[in-house]
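Student: Got a structure for you, questions after.
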Amino acid sequence: MGSKRTVHVVGTGTIGEPLIGLLLHLQQDLSVDEITFHKHSPRIEDRPKIKSLIRRGAKLAVEADRMTDFEKIGLQPAYAREAALEQASVVVECTTDGLALQHKDDWYTNLPETKGFIAQGSEFGFGKMYAYGINDDTLVTGDDRFLQVVSCNTHNLAVLINTLALHGEAADNLIEGRFVCMRRASDISQEKSFIPAPDVGKHKDSQFGTHHARDAWHLFQTLGHDLNLFSSAIKLNTQYMHSIWFNLRVQRPVTKDDILEKLQANPYVALTAKTMSSPIFSFGRDHGYFGRLLNQTVVSEPTVTVRDGHEITGFCFTPQDGNSLLSSTAATAWLLDPDNYQERIQIMQTFLFDEI
């Protein structure tokens, strides 16, 4: 692999495409020599975004037996997949449907020189759960080569739990956390999966309900916490943002002012006077990084209430995969430079908002 520092992104979907763009934007700050990315299928409808990424400096990698197919639609690959992986310092998986776990077995275990591999929230079992600003202190250089960035809604649960129940408190301060994740049907970039009406989710896990609470439990378990969490999910026929109803019962009494102060003090939390997702989404489109909010949550201030001093309830919104982009970039920076990664990603603070 030599001294060349290369980051390789696998997939160009709702996380992969903006992540490649973000890494290109931060390439100098991260001291990365080259950004490469893997595209599996030569689809004409994907050609404009692939051309744009190449024009901005990213290098396309494809399967060796598909190079001619890509050339036929006017895309010139720079690498075959094997060559791109062998030279990569860090690999970021942005595929879905369990492909990352398959790639781990088929591709990554044979790359001992690579500093590390990162997968996204749906790939349970890929590696240590990670969310930037939550469990950075648990990362161990050399041991944690496989990291799983938790899903965007799990980021939201985690930052609420950390900010409102655990920050400055012992873990037993959280008696229980209950969440209802109201998920958008599909991203505006996706052509499928939109639904005609609300679709309630099954509680597949008797202890945690849905994977959101399960993954949040595993995330905090890396810190030695055993939290009482449960989540439900419903998919709504909207393309804007996920929204979450949260209910946290705590041991130490708090007031609404206490809660708002805690939220305001966390740089990864944005507060808003808005109660509808569309103007928040529109704010991100107009002012966010390439239309995305990188905050971990947007809390609707008018909905926050405290009952009997121990029960915190409210609604918040989950930025469309923006928090996953923040953590994926932080994880990449940590794998490249574990001793000074925080300094390398300081520029990302400019993409965070206190108020929306």
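Where a number appears in this text, it was derived from the coordinates with a stated rule and is not lab data. Since the model is a prediction, treat every value here as computed from it, not as a measurement. Cβ: placed from backbone, ideal geometry, glycine included. Neighbour counts: every protein chain shown.
Student: Please specify each residue of the stretch 76-117 satisfying the condition of being among the β-branched types (V, I, T) and either touching a Phe, Trp or Tyr at 6+ places or on another chain (Cβ under 8 Å) or within 16 Å of K39 (Cα to Cα) (or both).
Tutor: V90, V91, V92, T95, T96, T114
Student: If F117 satisfies all but one of (1) in contact (Cβ under 8 Å) with a residue 60 or more places away in the chain; (2) within 17 Å of the chain's Cα centre (by Cα), what's the number of the condition it fails?
Tutor: Result: F117 passes all but (1).
Student: Here's a follow-up. Tell me which residues, restricted to the stretch 279-320, are buried (at least 24 other Cβ atoms within 10 Å of the Cβ), part of a loop (DSSP other than H, G, I, E, B) and either among the polar types (S, T, N, Q) or touching a strand residue (DSSP E or B) at 6+ places or on another chain (Cβ under 8 Å) (or both).
Tutor: Scanning the stretch 279-320 gives L293, N295, Q296, P319, Q320.
Student: Which of the residues that make up the stretch 62-91 are over 16 Å from V7 (Cα atoms) and loosely packed, with under 15 Cβ neighbours inside 10 Å?
Tutor: If the condition is that a residue be over 16 Å from V7 (Cα atoms) and loosely packed, with under 15 Cβ neighbours inside 10 Å, then A64, D65, T68, D69, E71, K72, I73, G74, Q76 are the ones that fit.
Student: Select the helices (runs of 4 or more DSSP H) contained entirely in the stretch 8-68, then report the ones holding at least 3 residues which are under 22 Å from the mean Cα position of the chain (by Cα) and under 25 Å from A185 (Cα atoms).
Tutor: 16-25
Student: Residues to consider are R5, R81; find the one that is touching a residue at least 40 places away in the same chain (Cβ under 8 Å), within 27 Å of S122 (Cα to Cα) and out of contact with any Pro (no Cβ under 8 Å at 6 or more places or on another chain).
Tutor: R81
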